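The values are calculated or read from the model by the stated rules, or taken from the named source; none is laboratory data. Because the structure is a prediction, the values reported are computed rather than measured. Ideal geometry is used to build each Cβ from the backbone, glycine not excepted, and the neighbour counts take in all protein chains shown. These area figures cover heavy atoms from the full protein model, side chains too; ligands, DNA and RNA do not enter into them. Shrake-Rupley method; radii C 1.70, N 1.55, O 1.52, S 1.80 Å.
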Amino acid sequence: MILPAVICLGGLGLIFGCLLAYAAQKFAVEVDPKIAEVQSVLPGANCGACGYAGCEQFAKAVAAGEAPVAGCKPGRAKVAAQIAEILGTEVPKAETGKK
Amino acid sequence: MTSILAIVFGAIFINNFVLSRFLGICPFLGVSKKVETSLGMGMAVTFVMGMASLVTWLLEHYILEEFNLQYLRTIVYILVIAALVQFVELVIRKVSPVLYQALGIFLPLITTNCAVLGVALLNVQLEYNLLESVVFGIAAAIGFTLALVIMAGIRERLELVFIPKAMRGVPIALIVAGILSIAFMGFQGMM
């Protein structure tokens, strides 16, 4: 009695899983992996001090080269250095000195 | 043909899922701030409900009945709905990132939207055939969209008028929802 139930539910799960895996590849959104990396070193407080709506938007802008590497004010020089390392650039001296 | 028309009319107006059956209230209040967003939500729900009606009918009659597994109905239906919602999420994320952001958490929450499971279970209860099931699913979703869009239209207007401080936000939204529901009760006498 229990065997058909297990096969039925397991089989359906397997079919849906395969279809979804295929759809996920077909509709994959190309996201710059740097965005996620930058976001992981940010404080994540979404304070808005950088001038962007939140840490995610700031990470996107930095990865695209639109925002300065040292733009995260609460993160200070430490975060700026980490972001620079991820992007493979250096923190401009004038911006690190006072922050 | 008349029965199909009756199903469509009944699902949209007389037994409107949101305003008469009180299913799917969560997105009704959550995504009804802007007409555009509520239309997007409505389209996503329409696709999920239509497809869910089709797939669950086939599963019900060709697998569950065949093997006497009707007691698995709820869990199988939820599996189908969850997979469909995941698919819709993938597509919307690719096609319209703006809509994806606007819908936010309410998009994955279609999975737990009782209106979708409600349609699938009602199809069994009312013993509809395949065509009737799909029509009922889509019509119910159109009724859901209609309720959302009406609500969003009213809430957009409410932004522009003076509302006493204690009533702003959710309280006035709940009162509007109640009055809308009463208005839809007027359709009950039609059939």
Self-check item: Net length gained if the chain between A:SER40 and A:CYS18 were fully extended (0.36 nm per residue, minus Cα distance)
Solution: 4.9 nm
Quiz item: Hey, got a sec? Which trypsin sites (Lys or Arg not before Pro) in the stretch B:146-180 land in a DSSP loop and have at most 15 other Cβ atoms within 10 Å?
Solution: B:ARG168
Self-check item: Estimated inter-spin distance, B:ILE175 and B:LEU160, nm [label 7 Å along Cα→Cβ]
Solution: 2.0 nm
Practice problem: Answer with one residue from B:LEU19, B:VAL119, B:TYR71: the one whose Cα lies farthest towards the positive end of the charge dipole of the protein assembly as shown, charges on Cβ with Lys, Arg +1 and Asp, Glu -1. | Solution: B:LEU19
Quiz prompt | Number of partner chain Cβ atoms within 10 Å, mean per residue of B:89-97 | solution = 3
Practice problem: Note the angle between two axes, namely the Cα long axis of helix B:73-95 and the longest principal axis of the Cα atoms of chain B, as a number of degrees from 0 to 90, rounded to the nearest 10. | Solution: 60 degrees
Self-check item: Heavy-atom accessible area, 1.4 Å probe, ligands and nucleic acids excluded: residues of the stretch A:3-40 down by at least 40 Å² from chain alone
Solution: A:ALA5, A:CYS8, A:LEU9, A:LEU12, A:PHE16, A:LEU20, A:PHE27, A:VAL29
Quiz prompt | Candidate aspartates and glutamates for bridging to A:LYS73, where Cα separation is under 13 Å - those fewer than 8 sequence places away on the same chain excluded | solution = A:GLU95
Quiz item: How much of the accessible area of chain A, in percent, comes from carbon and sulfur atoms when a 1.4 Å probe is used?
Solution: 61 percent
Self-check item: Out-of-range pairs (alpha-carbon distance over 29 Å; input A:LYS60/B:LYS94; A:LYS26/A:LYS78; A:LYS34/B:LYS33)
Solution: A:LYS26/A:LYS78; A:LYS34/B:LYS33
Quiz item: What do you get for Rg/Rh over the stretch B:70-116 if you use C-alpha atoms and the Kirkwood form of Rh?
Solution: 1.08
Self-check item: Relative contact order (percent, whole number), the stretch B:60-191, Cα cutoff 8 Å, 6+ residue spacing
Solution: 15 percent
Self-check item: Protein heavy-atom accessible area occluded, A/B pair - total, 1.4 Å probe, Å²
Solution: 1500 Å²
Quiz prompt | Over the stretch B:27-123 - Rg/Rh using Cα atoms and the Kirkwood inverse-distance radius | solution = 1.03
Exercise. Please determine, in degrees from 0 to 90 and to the nearest 10, the orientation of helix A:76-87 with respect to the longest principal axis defined by the Cα atoms of chain A, where the helix direction is its Cα long axis.
Key: 60 degrees
Practice problem: Could you tell me how many degrees, from 0 to 90 and to the nearest 10, lie between the Cα long axis of helix B:35-59 and the main elongation axis, the longest principal axis, of the Cα atoms of chain B? | Solution: 10 degrees
Exercise. Would you mind computing, in nm to one decimal, how far apart the modelled labels at B:GLN70 and A:ALA5 are, each placed 7 Å from Cα along Cα→Cβ?
Key: 1.6 nm
Quiz item: What is the ratio of the Cα radius of gyration of the stretch B:32-72 to 2.2 N^0.38 Å, where N is its residue count, to two decimals?
Solution: 1.73
Quiz prompt | In sequence order, calculated HN-Hα J values of the stretch B:163-174 (Karplus, 6.51, -1.76, 1.60; Hz; x Gly/Pro) | solution = 10, x, 3, 5, 9, 5, x, 5, x, 5, 4, 5
Quiz item: Over chain A, what number does the Rg to Rh ratio reach, with both radii from the alpha-carbon atoms and Rh per Kirkwood?
Solution: 1.33
Quiz item: Averaged per residue, what accessible area in Å² does the stretch B:1-76 show with a 1.4 Å probe, protein chains only?
Solution: 48 Å²
